[in-house]
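Chemist: Just passing along the structure, written as structure tokens.
The values are calculated or read from the model by the stated rules, or taken from the named source; none is laboratory data. Just so we're clear, the structure is a prediction, and the values are computed from it rather than from any experiment. Cβ placement follows ideal geometry from the backbone for every residue including glycine, while neighbour counts extend to all protein chains displayed. Calculation scope for accessible area: heavy atoms of the full protein, side chains included, ligands and nucleic acids excluded. Shrake-Rupley method; radii C 1.70, N 1.55, O 1.52, S 1.80 Å.
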Amino acid sequence: MILSNSYVPFLKWRQSEFQALFKLEDEIKDFIIPYIILPPIEYDFAERRLKKTIEEHIEPMAKRIYDKWGSRLALLDFHDSLEGKVMDNGESVVEYVHNEALALGCELVPVVSFEKSNWYLVEVKKITSAQKCGIALRVFLEDLDRQTINNEIDYLLEMFDLGISNIDLIIDLGTPDNFEPYALFSHIIFTKINSINNIKDYRSFVIVANSLDLMQIKQPGGVFTRHEWMLYPYLASKFKETPPTFGDYTTDNIEFLPQIDMRKINPSAKLIYTLPQHWHVLKAKAFRGSTAQMINLCSNIISLPDYKGIAFCDGDKRIYDTAKGIENCGNLGTWKQVAINHHMTKVVHQLSSYHASII
């Protein structure tokens, strides 16, 4: 069950993300309910075709979720390119993954939204009817302006034959243009969310947001405010009867950008380290052909007053080991994994301190 002191990180289910989750300490995992998004099939630019068939892409997913997260609760969503696909056995991709995951011992809640196709909703209805798992309803910031939002929620309740006590309500603020001033923005969000009837009766209530836009960060990087974290206490104080659970996009945008032929580009080396109220982002020269620059980036991080040390998490240990020459310089995925692993650990510690302070 998602509690007010839980943490809901949004994760694209690719290697960096699921390894970051897998390598968390158990005491951190106990507070995390990941929102997993199964990714689209990648394109092979050399072969000019998709790298995998839908069968090859989807068949390992349930086992991977179990191998990396076990029987712990998770929310499961699908990239829209997968939603209407069918496996060789005739099952929809959506039903196949949920059924296979359940057989392995996973506890998954399917995610729906107003944007999902009727096909997808019908497939989810099969799952909820058989598994009695309820649903997670993802509501975007723009959805809150709909005059008919309560009618649309009632339609879903009737379709799934569920009461709101069987629904996890996920309010996804996305990446707002401006969070500040926090008091004003939180009041606006509070007013918008209160247009939804009976908030306190939902199984859980989560507010998710993001403020880190790596595409806009140039060399050599800098220090950037974690606005979603700074906003959270303001929102929590307004929803006193139903404190919202905190969620974010970790250190990466969850949008799946158009695929690029990686033979033709050489992305910058970068390292992101989450601080109490900021991200410390280091961005250097092109990574490929100059991987040794990661030693300097890691050395920079371990020299920070807020570096947490090798015992804090797997990500912090990897930063130290590379700075000291104990580990190699990895690849781009290594440093995404490191950043996400540290970030999730940091947020769980912060939430523990925050909720202890308001008891």
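Chemist: Taking only pairs six or more apart or across chains, which ones have beta-carbon atoms under 6 Å, a first residue in the range 52-75 that is in contact (Cβ under 8 Å) with a residue 40 or more places away in the chain and farther than 13 Å from I36 by Cβ, and a second residue that is open to solvent by 40 Å² or more (accessible area, probe 1.4 Å) and of a type outside the set (S, T, N, Q)?
Modeler: Qualifying pairs under 6 Å: none.
Chemist: Would you point out the residue of the range 291-313, among those that are of a type outside the set (K, R) and touching an Asp or Glu at 6+ places or on another chain (Cβ under 8 Å), that is nearest to K270 (Cα to Cα)? Don't jump to the end; show me each part of the working.
Modeler: Within the range 291-313, the first condition is being of a type outside the set (K, R), and the residues that meet it are 291-307, 309-313.
The next check asks that each one be touching an Asp or Glu at 6+ places or on another chain (Cβ under 8 Å); those that pass are 307, 309-310, 313.
Values: Y307: 17, G309: 20, I310: 20, C313: 19 Å.
Out of the qualifying residues, it is Y307.
Chemist: Pick from the range 281-314 the residues that are among the hydrophobic types (A, V, I, L, M, F, W, C), surrounded by fewer than 19 Cβ atoms within 10 Å (Cβ to Cβ) and assigned to a helix (DSSP H, G or I): which of them is farthest from the chain's Cα centre (by Cα)?
Modeler: If we take residues in the range 281-314 being among the hydrophobic types (A, V, I, L, M, F, W, C), surrounded by fewer than 19 Cβ atoms within 10 Å (Cβ to Cβ) and assigned to a helix (DSSP H, G or I), then I295 is farthest from the chain's Cα centre (by Cα).
Chemist: Okay, moving on. Within the range 147-162, which residues are without any contact (Cβ under 8 Å) to a residue 12 or more places away in the chain and either open to solvent by 40 Å² or more (accessible area, probe 1.4 Å) or of a type in the set (G, A, S) (or both)? Full working, then the answer.
Modeler: Applying the first criterion (without any contact (Cβ under 8 Å) to a residue 12 or more places away in the chain) to the range 147-162 yields 147-148, 151, 154-155, 157-158.
Q147, T148, N151, D154, Y155, E158, listed by residue number.
Chemist: State all residues of the range 19-51 that are open to solvent by 20 Å² or more (accessible area, probe 1.4 Å), in a helix (DSSP H, G or I) and touching a residue at least 40 places away in the same chain (Cβ under 8 Å); if no residue qualifies, say none.
Modeler: Within the range 19-51, Q19, F22, K29 meet the criteria.
Chemist: While we're on this one: Could you list, in sequence order, all residues of the range 1-18 that are among the aliphatic types (A, V, I, L, M), buried (at least 20 other Cβ atoms within 10 Å of the Cβ) and over 9 Å from the mean Cα position of the chain (by Cα)? Full working, then the answer.
Modeler: Step one: filter the range 1-18 for residues among the aliphatic types (A, V, I, L, M), giving 1-3, 8, 11.
Remaining after also requiring buried (at least 20 other Cβ atoms within 10 Å of the Cβ): 2, 8, 11.
Passing the criteria: only I2.
Chemist: Consider the range 111-121. How many of its residues are open to solvent by 60 Å² or more (accessible area, probe 1.4 Å), in contact with a strand residue (DSSP E or B) (Cβ under 9 Å, 6 or more places away or on another chain) and assigned to a helix (DSSP H, G or I)?
Modeler: If we filter the range 111-121 for residues that are open to solvent by 60 Å² or more (accessible area, probe 1.4 Å), which is where we start, we get 115, 118-119.
So of that shortlist, the ones also in contact with a strand residue (DSSP E or B) (Cβ under 9 Å, 6 or more places away or on another chain) come out as 115, 119.
Then keep just the ones that are assigned to a helix (DSSP H, G or I); that gives 119.
Adding up the residues that qualify gives 1.
Chemist: Does any residue of the range 134-157 turn out to be out of contact with any strand residue (DSSP E or B) (no Cβ under 7 Å at 6 or more places or on another chain) and under 18 Å from L102 (Cβ atoms)?
Modeler: The answer is no, given that none of the residues of the range 134-157 is out of contact with any strand residue (DSSP E or B) (no Cβ under 7 Å at 6 or more places or on another chain) and under 18 Å from L102 (Cβ atoms).
Chemist: Quick one: in the range 80-104, of everything that is touching a Pro at 6+ places or on another chain (Cβ under 7 Å) and part of a loop (DSSP other than H, G, I, E, B), which residue is surrounded by the most Cβ atoms within 10 Å (Cβ to Cβ)? Spell out how you get there, then give the answer.
Modeler: Of the range 80-104, the ones touching a Pro at 6+ places or on another chain (Cβ under 7 Å) are 81-82, 98.
Of the ones still in play, those that are also part of a loop (DSSP other than H, G, I, E, B) are 81-82.
Details: S81: 13, L82: 22.
It comes out as L82.
Chemist: Same structure, new question: Which condition number does L137 fail, the rest of (1) at pLDDT 95 or above; (2) open to solvent by 10 Å² or more (accessible area, probe 1.4 Å) being met?
Modeler: With respect to (1) at pLDDT 95 or above; (2) open to solvent by 10 Å² or more (accessible area, probe 1.4 Å), L137 is out only on (2).
Chemist: Tell me the residue from P244, P233 that is open to solvent by 30 Å² or more (accessible area, probe 1.4 Å), under 24 Å from T345 (Cβ atoms), in contact (Cβ under 8 Å) with a residue 60 or more places away in the chain and not acidic (D, E), please. I'd like the intermediate steps shown before the answer.
Modeler: Working: P244 fails: open to solvent by 30 Å² or more (accessible area, probe 1.4 Å).
It is P233.
Chemist: Exactly one of (1) over 30 Å from S352 (Cβ atoms); (2) open to solvent by 20 Å² or more (accessible area, probe 1.4 Å); (3) modelled with pLDDT under 95 is unmet by I54. Its number?
Modeler: Here I54 clears every test but (3).
Chemist: On to the next question. If V206 satisfies every condition in (1) within 20 Å of I2 (Cβ to Cβ); (2) hydrophobic (A, V, I, L, M, F, W, C); (3) open to solvent by 10 Å² or more (accessible area, probe 1.4 Å) but one, which is the exception?
Modeler: Every listed condition holds for V206 apart from (3).
Chemist: Any idea which of K346, K336, K317 is part of a helix (DSSP H, G or I), charged (D, E, K, R), touching a residue at least 60 places away in the same chain (Cβ under 8 Å) and open to solvent by 30 Å² or more (accessible area, probe 1.4 Å)? Working first, answer last.
Modeler: Values: K346 fails: open to solvent by 30 Å² or more (accessible area, probe 1.4 Å); K317 fails: touching a residue at least 60 places away in the same chain (Cβ under 8 Å).
On inspection, the qualifying residue turns out to be K336.
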